[in-house]
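Visitor: First, the structure itself, so that you have it in front of you.
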Amino acid sequence: MRSTRLIQVAIIFGMASASAMAADTFANGQSFYGQPAQQAAKARVVDVSTARHLNVAYGDTVTFRSEGKEFSWTFNGLDRRPVDLAKIAPAGFTGKSLNVYVAQNPLNRN
């Protein structure tokens, strides 16, 4: 009985570890970093070639531009952590490294 329980725990732990390492997503499939957004008139526009890093408020939508390409992202995933642009940008968007620092979600008290 004990060995069966240990096997069950090992299988569950292995599945959880594999899914956590597979992608930066929650169990519901949403990205840790937020979500792609439609381009909005109020979105902040950032030229990736001139930016070294970027500070954003939680929930901000930013349009990134680089060499004639652009995409928009809403930062409403995990807060208070840097996001590497390469993790959220479409494939082939840019080779430049850029960290986006997301402020605390105002709904979090700690």
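The values are calculated or read from the model by the stated rules, or taken from the named source; none is laboratory data. None of the values given here were measured: they were computed from a predicted structure. Remember, those area values only see protein heavy atoms, side chains included, never the ligands or the DNA or RNA. Shrake-Rupley method; radii C 1.70, N 1.55, O 1.52, S 1.80 Å.
Visitor: Heavy atoms only, 1.4 Å probe, whole protein assembly: order 58, 101 by accessible area, highest first.
Guide: 101, 58
Visitor: Now a separate question. For 44, 52, what's the largest-to-smallest order of accessible area, 1.4 Å probe?
Guide: I get 52, 44, largest accessible area first.
Visitor: Counting only protein chains, not ligands or nucleic acids, how are 74, 50, 25 ordered by accessible area (probe 1.4 Å), most first?
Guide: Ranking 74, 50, 25 by accessible area, largest first, yields 50, 25, 74.
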